[in-house]
Amino acid sequence: MQQRVSIHGQWSSRLAFILAATGSAVGLGNIWKFPYITGEYGGGAFVLVYLACVVAIGLPVMMAEIMLGRRGRQNPINTMGTLAEEAGRSRFWSLIGWSGVLAGFLILSYYSVIAGWAIAYVFKTASGALIGVDAETAGSLFGSFVSDPWQLLAWHSLFMVLTALVIARGVQSGLERAVRWLMPGLFALLLVLLGYSISNGAFVEGLEFLFKPDFSKLSTSALLTAMGHAFFTLSLGMGAIMMYGSYLAQDASIGKTSLIIAGLDTLVALLAGMVIFPIVFANGLEPAAGPGLIFKTLPIAFGQMPMGIFFGSLFFVLLVFAAWSSAISLVEPAVAWLVENRDMSRIKATVLVALVTWALGLITVMSFSDWAFGFSFLGVQKENGLFDVLDLLTTNFMLPLGGLAIALFATWAMQRKAVTEELAMGEGLAFRGWYFLTRYVTPLGLVFVFLNGLGLL
Ligand code: PFF
């Protein structure tokens, strides 16, 4: 087959792809979301299921997604259409791309609001307002902050502008440069925080909570959420990694690359958990405090540690950068589609996409104050109305369904010969293992969790 080339350019090296894909994967999902859902779903058993999902479902789907992207070399909608045609299948497969674009808008709409919280906390920390705060003060500061929609709106708007600026500049100059220094920086700071938690937190209790599984706590919704989170945290199931794969050089190894990305992503999440829970227990906080968890716990640590203002501000700056490099990937498929199919300039496409997402974000802005309402999702109490609805809909349903379709397409609809050619890892054990996982284990696992989640099994 003659190889396609992406009109948007290509990563300058495999390392650049790894950095960008890791930049997409590592974000609020690891540092903000993983700890709070782990807290809500009771700790160890949830973490174990999440790890199993990363290995048995996430990794195979990631390889499939990158492979499809690199073969199609276009936005996910066109890529799926082209590859379906090549395999003699219906163009309906491009629905995967459409649902991904929609999921990208919905996710970024709330992602940007939460990233706005992180920006606000850069300033709160730097101003010294958090020095010496106890758990109660940190909690009430957070509470009054999120119940002020105007503040949330301002920070959300700022984050959308930042995101649009990078997207408008394009793959190489924009995306690559942003992640090169930030990821190692974030990692280093997490280690500093870990030092704090080891010496000042209830470290053993925190570790036990995270790693000692108590399966009696594992509810149906915990399974569904753990699986959904595996997709969310690895940026899978919506075409983001497919899009990035379309900029990947032909000779880069997809298998090894995926292992590195998933490994780093998981490491960051576990580190974040090991930092947060010792602080939670040492200060008598509630692990199930919900989306505010890190904003209620970390300020306590920064307020007490030497050079806390410095480390605290830097930490939130890096968190914003991590969110930034993820946000970019959330709308890159939509922007690429507008450029490829609607003949728009990159700048125009970016402005359009950013405006729509910004407007959708108002739903989340209001979910923490005037529009807040509680409901129970398969036995877990949620307090933040439409924000939670958006999150559950995208993370627990749209992404896993997208992943299911991707796994099925790669191993049932596509010809095996084309897959072997594109993955270029020979026909050895590694390939056969991946093929088996993606063809049987991943789809059956997904279907099982869905049926179980809906109470049908
Ligand atoms: N993986 C990102 C995180 O963990 O914060 C979120 C995300 C980015 C999800 C891109 C989906 C996506 F396509």
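Where in the stretch 322-378 are there chymotrypsin sites (Phe, Trp or Tyr not before Pro) that are in a DSSP coil and have at most 14 other Cβ atoms within 10 angstrom of their Cβ?
Counting only loop positions with at most 14 other Cβ atoms within 10 Å, the chymotrypsin sites (Phe, Trp or Tyr not before Pro) in the stretch 322-378 are F373.
Estimated at 0.36 nm per residue, the fully extended path between R169 and F448 surpasses their Cα-Cα distance by 96.2 nm. Per-residue ellipticity at 222 nm computed for the chain from its helices equals -22000 deg cm²/dmol, with DSSP H segments shorter than 4 residues left out and the rest contributing -39,500 (n - 2.57).
Helix 308-341 and the longest principal axis of the Cα set of the chain meet at an angle near 30°. Straight-line reach from K217: taking Cα to Cα under 25 Å and skipping same-chain neighbours fewer than 8 places apart, the lysines in range are K33, K296, K382. In the frame of its principal axes, the chain has Cα extents of 64, 49, 38 Å, reported largest first. The stretch between E286 and E86 holds 66.7 nm of extra length on full extension. This uses 0.36 nm per residue minus the Cα-Cα distance.
Answer rounded, prolate or oblate for the stretch 103-254, using the Cα gyration tensor with square roots of eigenvalues a ≥ b ≥ c: rounded when a/c is under 1.5, else prolate when a/b is larger than b/c, else oblate. Since a/c reaches 1.5 but b/c is at least a/b, the shape of the stretch 103-254 is classed as oblate.
Classification of the stretch 237-363 by its C-alpha gyration tensor yields a prolate form. The axis ratio a/c (a ≥ b ≥ c) is 1.5 or more, and a/b outweighs b/c. Taking the C-alpha atoms only, the angle from helix 399-408 to the longest principal axis of the chain is near 30 degrees.
Annotation: amide H-H contacts under 5 Å for F377 (H modelled 1.01 Å from N, sequence separation of 5 or more, or interchain): K382. In terms of its C-alpha gyration tensor, the stretch 335-427 has an oblate overall shape, because the principal axis ratio a/c (a ≥ b ≥ c, square roots of the eigenvalues) is not below 1.5 and a/b does not outweigh b/c. Modelled spin-label separation between L51 and V161, with each label point placed 7 Å from Cα along the Cα-to-Cβ direction: 4.4 nm.
Taking only Cα atoms, what is the 0 to 90° angle, nearest 10, from helix 346-367's long axis to the longest principal axis of the chain? The answer is roughly 40 degrees. Projected label points at V204 and L457, each 7 Å from Cα along the beta carbon direction, are separated by 3.9 nanometres. Taken along the Cα-to-beta-carbon direction at a fixed 7 Å, the label points for T137 and F375 span 3.8 nm. Exposed loop sites here are GluC sites (Glu not before Pro) assigned a DSSP state other than H, G, I, E or B and surrounded by at most 16 other beta carbons within 10 Å; excluding them, the longest clear run of the chain is 1-382.
According to the calculation over all Cα-Cα pairs in the stretch 111-170, the P(r) per 10 Å bin from zero is 21, 45, 24, 8, 1 %.
Can you give the FRET efficiency to the nearest 0.05 for Y440 and E383, using r as the Cβ-Cβ distance and R₀ = 30 Å? Computed FRET efficiency for Y440 and E383 comes out at 0.15.
Full extension of the chain between F211 and S345 yields a length gain of 43.3 nm, computed as 0.36 nm times the residue separation minus the alpha carbon distance.
Summing Cβ point charges (Lys, Arg +1; Asp, Glu -1) relative to the Cα centre of the chain gives a dipole of roughly 1160 debye.
FYI, it's all coordinate maths here, none of it is from the lab. These numbers were taken from a predicted model, which means no experiment stands behind them. All Cβ positions, even for glycine, are placed from backbone atoms using ideal geometry, and neighbour counts span all protein chains on display.
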